[in-house]
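Here the structure is laid out as structure tokens; the discussion comes afterwards.
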Amino acid sequence: MDVFIEKVDRQTAAEILGWRYEAPYDFYNMDVSEENIHGMLTHPYYAMKNKAGETAGFFCFGITAQVPSRYMAQIYAGNMIDIGLGMNPHLTGKGQGSAFFAYILNQARAGFPNTPLRLTVASFNERASRVYEKAGFKEAVRFEKERVIYKVMALEERGFKSNQQAQV
């Protein structure tokens, strides 16, 4: 993927928060609020931009990529790096997901060598799940929060017991 990375700034944060996805992916739509902009500026969020300066997507690593839950200690057990990401809705569904995700995986591996990787995805998002599975991620645990089932997927399953269930 022909992009460069930069730390998310105020303008890019507002742009990303304003992205609007079609149903059922509208679940990922966010509010453009000062609180959300502040969150993106104070946590390690990075934008992927093309040569024209257009934002292709974003990613983050660590606790920021986890879905908050009262069961976080069980769900996110183990010494792993969590990956969070989002692709510009104008680019989704066009067969670019694997290249997009591979680029982010390379950034994770470079920044956190020899550390197992993990991510969380809404279970209905079969399109994203297929991309992650193609990259070698396997489902490690599921949990429910506010009537949404989430899958936690790991590239290496250290610290996980397969098919654990947690309800939030």
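Key figures for this structure:
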read-out	value
Subset of segment 17-28 [in a loop (DSSP other than H, G, I, E, B) and under 28 Å from G111 (Cα atoms)]	W19
Residue within segment 36-52 that is closer than 25 Å to R147 by Cβ, at pLDDT below 95, open to solvent by 70 Å² or more (accessible area, probe 1.4 Å) and in a loop (DSSP other than H, G, I, E, B) present	no
Which listed residue, of T64, T92, is open to solvent by 30 Å² or more (accessible area, probe 1.4 Å) and outside any loop (DSSP other than H, G, I, E, B)	T64
Output for segment 67-89, where each listed residue is of a type in the set (D, E, K, R) and surrounded by fewer than 20 Cβ atoms within 10 Å (Cβ to Cβ)	R70
The one condition in (1) open to solvent by less than 60 Å² (accessible area, probe 1.4 Å); (2) within 18 Å of A122 (Cβ to Cβ) that E22 fails to fulfil	(1)
All positions within segment 1-16 that are assigned to a helix (DSSP H, G or I) and not hydroxyl-bearing (S, T, Y)	R10, Q11, A13, A14, E15, I16
Complete set of residues in segment 116-135 that are surrounded by fewer than 16 Cβ atoms within 10 Å (Cβ to Cβ) and out of contact with any Pro (no Cβ under 7 Å at 6 or more places or on another chain)	S123, E126, R127, R130, E133, K134
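The values are calculated or read from the model by the stated rules, or taken from the named source; none is laboratory data. These figures come from a predicted structure and were not determined experimentally. Cβ: placed from backbone, ideal geometry, glycine included. Neighbour counts: every protein chain shown. Just the protein is used for accessible areas: all its heavy atoms, side chains included, with ligands, DNA and RNA removed. Shrake-Rupley method; radii C 1.70, N 1.55, O 1.52, S 1.80 Å.
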